[in-house]
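*Asks:* Okay, handing you the structure first.
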Amino acid sequence: MLEIRNLKATVEKKSILNGLNLHIKPGEVHALMGPNGSGKSTLSNILSGKKGYETSGDVFYENKNLFDLEIEERAHKGLFLAFQYPLEIPGVNNNNFLKTSLNAIRKARGEKELDAIEFLKIIKQKAKDLKFEEKNLNRQLNVGFSGGEKKKNEILQMSILQPKLSILDETDSGLDIDALKIVSDGVNSLRDESKSFLIITHYQRLLNYIKPDFVHVLKNGRIIKSGNSDLAVELENKGYEGIN
Amino acid sequence: MSNIKKIFIDKKISKSELENKNNYFEIFKKKGFPNKKLEDWKFLDLNYEINNQIPNLNFVIKKSKINKNQILENIPINIKEFNYVLNINGFVEEINFSHEDKSFINIETNPDKKNKIISNALENLNLAFNLDYLCINIKQDYKVKKPLLILNVIIENIKSSNINKKFDIFLEKNAEISVLNLVQNNSKNNFFNLHQRFILNQSSILKNYFVDINKNQNLNYIKTDIEIEKNSISENVVISKNSDYCKNEIVCNLLDQFSSAFINGIIDLDNSQKHEIRTRINHLAENTKSYQLIKCVLNNQSKAVYQGKIYVDSKAQKTDGYQSSKAILLNENTEFNGKPELEIYADDVKCSHGSSSGNLDENKIFYLMTRGLNKNEAKKLLIDGYLMEVIDKITDERIKAIIKEIIKI
Amino acid sequence: MREKEIDKLKEYKYGFTTDIENVKSPKGLSVDTIKYISKAKNEPEWMLEWRLKAYERLKQIKEPNWQKPKYPKINYQDLYYYSAPKSSQSKPKNLEDLDPKILDTYKKLGIPLDEQKRLNGIAVDAVFDSVSVATTFKDKLNEAGVIFCSISEAIQKHPELVRKYIGSVIPITDHYFATLNSAVFTDGSFVYVPEGVKCPMELSTYFRINASQTGQFERTLIIADKNSYVSYLEGCTAPMRDENQLHAANVELVALEGAEIKYSTVQNWYPGDENGKGGIYNFVTKRGLCKGDHSKISWTQVETGSAITWKYPSCILKGDNSVGEFYSIAITNNHQKADTGTKMIHIGKNTKSKIISKGISAGFADNTYRGLVDIFPKAKNAQNFTQCDSLLMGNKCGAHTIPYIKNRNSDSNIAHEATTSKISEDQLFYCQQRGLNSEEAVSLIVNGFCKEVLQQLPMEFAVEAQKLVGISLEGSVG
């Protein structure tokens, strides 16, 4: 699904990733943990195609060079980033945005675009599953949403777009337990043998709800340790300082 | 410039009116078209534009033979569903209020009215040459059921001409009307000079909108004066998009308590177009409210201007005035000029303005692209969303639908 | 007891006159007057020529009339353009030689020129009517290579610097009052900070108008060479007189690559009495040029005095990555009028500007913010933020905000915010309930309103300015 080989990244001459290697196979859930400033968000930005980084190394997504793809092409091919700070976009209706996005992706896949009624049926069901308030569907995109609402909106988008590889960038930060549970349920309900996840987080908390197959520790732009879900517990007990 | 008496020789107008018209024209001739030396015109110089684009401007319009049905067919609106006034080349061809109880609507053409002396050159020009000046009076408590479309059509063979239109609408106590001014200029190099006046008596409601139907190479000047009495509301939305040059000037006088004025506008330009919205809101009584939101999108060498002034008289305590102007500059060689002005002489007021200009937010484009849109789709979605905020201020849903259709948003 | 104190405070405490013998130029504006001034200053020929060129230009242009405050026509032939204390004809070498009356005047103003009683680490150039009478701490500044002297002295001792930079920011072809100044300026301060030097102390000029029927036309020129830093402060007072006096100064700042100039003003000219009689017409042209890349010019002003203030300290951001700032408090009470603001001209790439303006009107006063933010087509990534707030006290005064915004570059951003408010009854009540009288409460709230600007002042003056803010508004609440 995703193979990262010796990925280095610098921004304004500051090096942030220093040779990162990661291999995610279909159906796997990987958790990437690390302290602030370890390069977690940089990784998710680079994977989704944000400009402004100088990179070297290779990233293959479904055996194709990811760097050859535009931002939206990556989305068309099933790569999804749940943003740490989802943007507020005034004047753009949430529903309308989701429909535009879904149809752009369906079109790229050669599927039939959905009309308003078909779309509404899907979105209403998904919103209900995620306990996402229906009235928020008709609000402007993320404008005036609480932190939790924004994150839930990201998960709603994810469940509508049905990506193959989902990157969740600190989706758990700022969530209360209820919201955390809803978000995790959303992720878990998507899990199957073809879909993969990269969960980026600072805390072990989210991993109580989403059991990862692998846990990696990111420090100074490099994965310094990998293991199974026990590693997350170890981290929780020892802290990042205790891992070598 | 020829003698005005000759121009109006075949018209049935009284001697005294002819004399008036002559006087107005003399004042105009003395002043000429406004140029950038005047503070109000410093950003867009009309005199320059006229000299440049229409060096031989013709003030005389002859009534020509037209095919009304064919003209109506070319308008992308089923106007029979509405009330309408059809003006062709400045002449009133048809007035249709078939949806209304006519006993509540009084219409006069060319009323014998004394207009007070005014200094604005273009108003003098208008008073000298306007054709078929209409006064519409809506009687007490009558709420006009269907919107009134005022269709100003200029046909292909009118060129390098100045067309002056003037109309007044009086709303008696508790009356209501929605008006949509539409311009379909099928020709080019004309200067269309429209002056409209609305008098809102107690507790009346005016909804007033403006849009050009088609892309065209003409110059427009639209002057709107609104007098707003106690408890009355005036809602205005200007869509400034299709002509080469367009200046909308709106003056609202909030004369008595609890009156309010809303002015919202879009300036959406491309290819060297130059447009301006200039507003002046005079808060002259206590507890009055005004709200303004102007949004501009500028592409390829276009230029937009917003000059907005909120004046608060010392009597106008508890005024609530808000003004916001925003511009997106999509590429190099575009220009936005703003002059959001406050002049305040009362201390217990809430007045503020905000203005911002710049490019589209790259982070938002990125966000949309990660959701599968290409760059152009992302930009379009953002711009439409940005402009939608203004469109949503149109509270008359029927007119909103027409405007959305015309500007394809 | 307290009321008496307040009464005392209400008076303009700098309103005394110093009885001293003056040498004056002939009355009126003419070539002869200009020659007189130039001769009195022992100026080189090029300086006189420059002045006369400005005078030629002046004859061709008209006084501007677009500004909001209107004033009775000034009779330029009825003014003295040069007035100097007789004793200072040959500038005294040290303080002992200075007329004790002048020394005493500055002592009364709270500006001791005596280095033993010096203000903490501040070098002062004292300008009395048309001439600089004393400059303190010269030796210490010399050690650092900083030149700080009167402009007259600089014209003689550092002609190459003066000739290169004078008029380079405010040319003689500028507007009426600036050109008038170029023709007849009498004195002012000159500062040159050499490359890489951080000026070891605050520099300050104290302007005092004493003589009657005299216009003050000082000219200040500050040059900060590459990677240097200087902070400069000016203060101004004048005696109480029934007549209106004209003060038309020019201030030019030049910041070369990497240099920073911080220019602060506490302007407390005599504002006229409570009926609007007398007071100074303060028509000042201040302009800074960020000539080099990464340079910075910051203007801070507290304008509480003058009958009419009319000034727009501006920044021309020519160097790439240069920064311009303008922080302003303008307080008008009684019949005072202020029309002030700034121009930020973005020419270079990545230039940034920030404007914070606080206007306070009370009594019958009028307070106008007028400003321009202009982003040139090549000023990629330019950014401006403007915040203009007005506070009104009573409904006999006015507040006017006139910002001009011009954006011609699609990669730049301009954001402008403005608000108008009043001091709420609740706020006053709350403060009073905690034991403040209404004047103190107003002063507290107004100082809070101005805080962002006051913070920009050098520490020694911030306290003084805070008091001034309170005093200026005495008697404005019932």
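*Asks:* Between B:381, B:360, which is outside any loop (DSSP other than H, G, I, E, B) and either within 14 Å of chain A (Cβ to nearest Cβ) or touching a helix residue (DSSP H, G or I) at 6+ places or on another chain (Cβ under 6 Å) (or both)?
*Replies:* B:381
*Asks:* Working only within segment C:288-301, note down all residues that are farther than 14 Å from residue C:348 by Cα and either without any contact (Cβ under 8 Å) to a residue 24 or more places away in the chain or crowded, with 24+ Cβ neighbours inside 10 Å (or both). Spell out the reasoning first.
*Replies:* Within segment C:288-301, the first condition is being farther than 14 Å from residue C:348 by Cα, and the residues that meet it are C:288, C:297-301.
Within segment C:288-301, C:288, C:297, C:299, C:300, C:301 meet the criteria.
*Asks:* How about segment C:139-157: which of its residues are touching a strand residue (DSSP E or B) at 6+ places or on another chain (Cβ under 9 Å), within 16 Å of residue C:42 (Cα to Cα) and assigned to a helix (DSSP H, G or I)?
*Replies:* C:151, C:152, C:153, C:154, C:155, C:157
*Asks:* Then there is this: Which residue is least open to solvent (accessible area, probe 1.4 Å), if the candidates are limited to segment A:221-244 and must be under 21 Å from the mean Cα position of the chain (by Cα), under 24 Å from residue A:15 (Cα atoms) and not charged (D, E, K, R)?
*Replies:* A:221
*Asks:* Look through C:268, C:282 and report the one residue that is of a type in the set (S, T, N, Q) and open to solvent by 10 Å² or more (accessible area, probe 1.4 Å). Let's see the steps before the verdict.
*Replies:* Values: C:282 fails: open to solvent by 10 Å² or more (accessible area, probe 1.4 Å).
Checking each option against the conditions leaves just C:268.
*Asks:* Collect the residues in segment A:186-200 that are of a type in the set (A, V, I, L, M, F, W, C) and surrounded by 19 or more Cβ atoms within 10 Å (Cβ to Cβ), keeping them in residue-number order.
*Replies:* The answer is A:187, A:197, A:198, A:199, A:200.
*Asks:* Given segment C:246-293, what strands (runs of 3 or more DSSP E) lie entirely inside it while holding 2 or more residues that are over 18 Å from residue C:457 (Cβ atoms)?
*Replies:* Correct list: C:250-255, C:279-290.
*Asks:* Please enumerate the residues belonging to segment A:106-119 that are of a type outside the set (D, E, K, R) and farther than 17 Å from residue A:141 by Cβ.
*Replies:* Across segment A:106-119, the qualifying residues are A:108, A:110, A:114, A:116, A:117.
*Asks:* Where the second residue is aromatic (Phe, Trp, Tyr) and surrounded by 24 or more Cβ atoms within 10 Å (Cβ to Cβ) and the first is facing chain B (nearest Cβ under 7 Å) and lies in segment C:393-409, which pairs have Cβ atoms under 7 Å and are six or more apart or on separate chains?
*Replies:* Going by the 7 Å Cβ cut-off, the qualifying pairs are C:401/C:369; C:402/C:369; C:407/B:336.
*Asks:* Sticking with this one: Quick one: how many residues across segment A:124-164 are of a type in the set (Gly, Ala, Ser), within 19 Å of the chain's Cα centre (by Cα) and under 20 Å from residue B:368 (Cβ atoms)?
*Replies:* 1
*Asks:* While we're here: Could you tell me whether residue B:325 is surrounded by 24 or more Cβ atoms within 10 Å (Cβ to Cβ) and either of a type in the set (Val, Ile, Thr) or within 21 Å of residue C:373 (Cβ to Cβ) (or both)?
*Replies:* yes
*Asks:* If only one of A:226, A:189, A:173 is among the polar types (S, T, N, Q) and within 19 Å of residue A:1 (Cβ to Cβ), which one is it?
*Replies:* When all the criteria are applied, what remains is A:226.
*Asks:* Do we find that residue A:102 is modelled with pLDDT under 85, crowded, with 21+ Cβ neighbours inside 10 Å and either closer than 13 Å to residue A:142 by Cα or of a type in the set (A, V, I, L, M, F, W, C) (or both) in this structure?
*Replies:* So residue A:102 does not fit the description; no.
*Asks:* Among the residues of segment A:44-74, write down those that are touching a residue at least 60 places away in the same chain (Cβ under 8 Å) and touching an Asp or Glu at 6+ places or on another chain (Cβ under 6 Å).
*Replies:* A:44, the sole residue that qualifies.
*Asks:* So residue B:348 fits all but one of (1) free of Cβ contacts under 8 Å to residues at least 24 places away in the same chain; (2) within 7 Å of another protein chain (Cβ to nearest Cβ); what number is the exception?
*Replies:* (1)
*Asks:* Test of understanding: among B:396, B:384, which residue is within 23 Å of the chain's Cα centre (by Cα) and open to solvent by less than 30 Å² (accessible area, probe 1.4 Å)?
*Replies:* Answer to the selection: B:396.
Matching residues to (1) modelled with pLDDT of 85 or more; (2) under 20 Å from residue A:100 (Cα atoms); (3) among the aromatic types (Phe, Trp, Tyr):
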site	(1), (2), (3)
A:127	yes, yes, no
A:140	no, yes, no
A:150	yes, yes, no
A:155	yes, yes, no
A:158	yes, yes, no
A:163	yes, yes, no
A:176	no, no, no
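*Asks:* Turning to a different aspect of this structure: Kindly indicate which of B:391, B:406, B:365, B:402 is touching a residue at least 40 places away in the same chain (Cβ under 8 Å), open to solvent by less than 30 Å² (accessible area, probe 1.4 Å) and within 12 Å of chain A (Cβ to nearest Cβ).
*Replies:* Only one candidate qualifies: B:391.
*Asks:* Tell me, which residue of segment B:52-78 that is hydrophobic (A, V, I, L, M, F, W, C) and surrounded by fewer than 17 Cβ atoms within 10 Å (Cβ to Cβ) is nearest to residue B:217 (Cα to Cα)?
*Replies:* As a first pass, look at segment B:52-78 and keep what is hydrophobic (A, V, I, L, M, F, W, C): B:54, B:57, B:59-61, B:66, B:71-72, B:75, B:77.
Checking the rest, the ones that are also surrounded by fewer than 17 Cβ atoms within 10 Å (Cβ to Cβ) come to B:60, B:66.
Details: B:60: 20, B:66: 22 Å.
The selected residue is B:60.
*Asks:* Also, quick follow-up: Among the residues of segment C:401-410, is there at least one that is farther than 12 Å from residue B:353 by Cβ and of a type in the set (A, V, I, L, M, F, W, C)?
*Replies:* No: segment C:401-410 contains no residue that is farther than 12 Å from residue B:353 by Cβ and of a type in the set (A, V, I, L, M, F, W, C).
*Asks:* For residue C:452, indicate whether it is open to solvent by 10 Å² or more (accessible area, probe 1.4 Å), under 29 Å from residue B:310 (Cβ atoms) and at pLDDT below 90.
*Replies:* For residue C:452, the condition - open to solvent by 10 Å² or more (accessible area, probe 1.4 Å), under 29 Å from residue B:310 (Cβ atoms) and at pLDDT below 90 - is met.
*Asks:* Give me the residue from segment B:318-332 that is at the interface with chain C (Cβ under 7 Å from one of its Cβ atoms), in a loop (DSSP other than H, G, I, E, B) and not charged (D, E, K, R) and, out of that set, nearest to residue B:237 (Cα to Cα).
*Replies:* Within segment B:318-332, the match that is nearest to residue B:237 (Cα to Cα) is B:330.
*Asks:* Which residue, of A:167, A:89, A:122, A:160, is more than 14 Å from chain B (Cβ to nearest Cβ) and in contact (Cβ under 8 Å) with a residue 24 or more places away in the chain?
*Replies:* A:122
Each row is one residue, and each column tells you yes or no for (1) of a type outside the set (A, V, I, L, M); (2) modelled with pLDDT under 95.
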position	(1), (2)
B:153	no, yes
B:162	yes, yes
B:171	no, no
B:184	yes, yes
B:188	yes, yes
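*Asks:* Tell me the residue from C:300, C:332, C:340, C:304 that is touching a strand residue (DSSP E or B) at 6+ places or on another chain (Cβ under 8 Å) and closer than 16 Å to residue C:222 by Cα, please.
*Replies:* C:300
*Asks:* Can you name every residue in segment C:158-205 that is in a helix (DSSP H, G or I) and either surrounded by fewer than 21 Cβ atoms within 10 Å (Cβ to Cβ) or aliphatic (A, V, I, L, M) (or both)?
*Replies:* Residues satisfying the conditions are C:159, C:160, C:161, C:162, C:163, C:164, C:165, C:176, C:178, C:180, C:183, C:184.
*Asks:* Taking segment A:143-168, which residues are assigned to a helix (DSSP H, G or I) and either farther than 21 Å from residue A:88 by Cα or of a type in the set (S, T, N, Q) (or both)?
*Replies:* A:153, A:157, A:159 - these are the residues of segment A:143-168 that are assigned to a helix (DSSP H, G or I) and either farther than 21 Å from residue A:88 by Cα or of a type in the set (S, T, N, Q) (or both).
*Asks:* For segment A:13-41, give me each residue that is open to solvent by 30 Å² or more (accessible area, probe 1.4 Å) and part of a strand (DSSP E or B).
*Replies:* Matches in segment A:13-41: A:14, A:15, A:16, A:18, A:21, A:23.
The values are calculated or read from the model by the stated rules, or taken from the named source; none is laboratory data. What you see is a predicted model; the values in this text were computed from it and never measured. Cβ sites come from the backbone with ideal geometry, for glycine too, and all protein chains shown count toward neighbours. Surface accessibility is based on the protein's heavy atoms, side chains included, excluding ligands, DNA and RNA. Shrake-Rupley method; radii C 1.70, N 1.55, O 1.52, S 1.80 Å.
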